[in-house]
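Input: a single structure, listed below in structure tokens.
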Amino acid sequence: MKISCVAIDDEPLALDLLSKFIQQTTFLELVGKFSNAIEALGYINQHEVNLIFMDIQMPDLSGMELARILDGKKNSSPTRVIFCTAYHQFALEGYKVEALDYLLKPYSYEDFLAAATKAYQYFGRIGTPAQPTSSASQTPAADYIFLKVEYQLVKVVLKDITHVEAYKDYVKVHLKSKNHPLLSLTSMKNMEELLPKDRFMRVHRSFIISLDHIDSIAKNVIHIGNQQIAVGDLYKEQFSEFVSRWTN
């Protein structure tokens, strides 16, 4: 699976480094590099691009403005963004436009690869837009994900996750094998996209549950071990349909 990428940065050295990192990553394909976001937008409008690595502070059109333009388009082949910037204060704004990740300059190849791996996992779940998979050729979904926890990339086995909980600007990933949850700087929206929908379900603004770890259900309250999770009003219909299938 190759993910088509463009790199955008108005600093030549930063653009060259970003392009080099993309080219040395086997599952990424660099299809364009731009020092200007307006030129990049023209290319993206004419070509199918899966992933954009870009700076935020650029002249004429900023990376955040470009992300909002792309986010506002109703496109059957969504283009996702990973920001690469020297300014940490834009992190929260980046999550509002559903950026897949946020690389803080100067970043190492290890940091870059962690962000790229998150994109690989995302497109693997939905089928890469540039190369849709058929039932005959589709490879099985991985039984694990990688999460950035503090300054390292942690492998998390899906069957070990009991539930995911929103916590300020982070998420808590609760594991059956550990007494304390993993704390990762990402959004519930990104976690919802990352986790397979046949095994996990969002039941509240603040909770995603593992269907395999449900112990019991009573009056729209889900019991997972000692944890009780109420189903939110927006999710009751979807959850009721699941319960109907479960009980029939």
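Name the long-range amide H neighbours of Tyr144: under 5 Å, sequence gap of 5 or more, or other chain; modelled H, no Pro or chain starts.
It is Leu158, by chain and number.
Among His223, His180, which comes first, then next, by fewest other beta-carbon atoms within 10 Å?
Placing the least packed residue first, the sequence is His180, His223.
What order do you get for Tyr107, Tyr122 when you list them from fewest to most C-beta neighbours inside 10 Å? Walk me through the numbers on the way to the answer.
Working: Tyr107 17, Tyr122 21.
Listed from fewest to most nearby Cβ atoms, that is Tyr107, Tyr122.
Expected output is a single nm value to one decimal: the length gained when fully extending between Ser206 and Lys105, i.e. 0.36 nm times separation in residues minus the C-alpha distance. What is it?
Values: separation 101, 0.36 × 101 = 36.36 nm, distance 3.05 nm.
The span from Ser206 to Lys105 would gain 33.3 nm if fully extended.
I'd like the Karplus ³J(HN,Hα) series for the range 80-85: coefficients 6.51, -1.76, 1.60, θ = phi - 60°, whole numbers in Hz, and an x wherever there's a Gly or Pro.
9, 10, 10, 7, 10, 8
Return the FRET efficiency for the residue pair Asp233, Asp169: r is the Cβ-Cβ distance, R0 is 30 Å, and the value is rounded to the nearest 0.05.
My answer for the efficiency is 0.80.
Show me, for the range 41-48, the HN-Hα J-couplings you get by feeding each phi into the Karplus relation (A = 6.51, B = -1.76, C = 1.60, θ = phi - 60°), rounded to Hz, glycine and proline as x.
4, x, 5, 4, 5, 9, 10, 8
Under a cut-off of 25 Å between alpha-carbon atoms, report the lysines in cross-link reach of Lys176, not counting same-chain residues fewer than 8 places apart.
By straight Cα distance, Lys176 reaches Lys118, Lys148, Lys155, Lys159, Lys168, Lys189, Lys197, Lys219.
So how do Glu48, Glu237, Glu65 line up by other beta-carbon neighbours within 10 Å, fewest first?
Glu237, Glu48, Glu65
Taken together, the values in this text are just the output of simple stated rules run on the coordinates, not laboratory data. Only a predicted model underlies this, so the values are computations on that prediction, with no experimental measurement involved. Backbone-built Cβ (ideal geometry, glycine too); neighbour counts: all protein chains shown.
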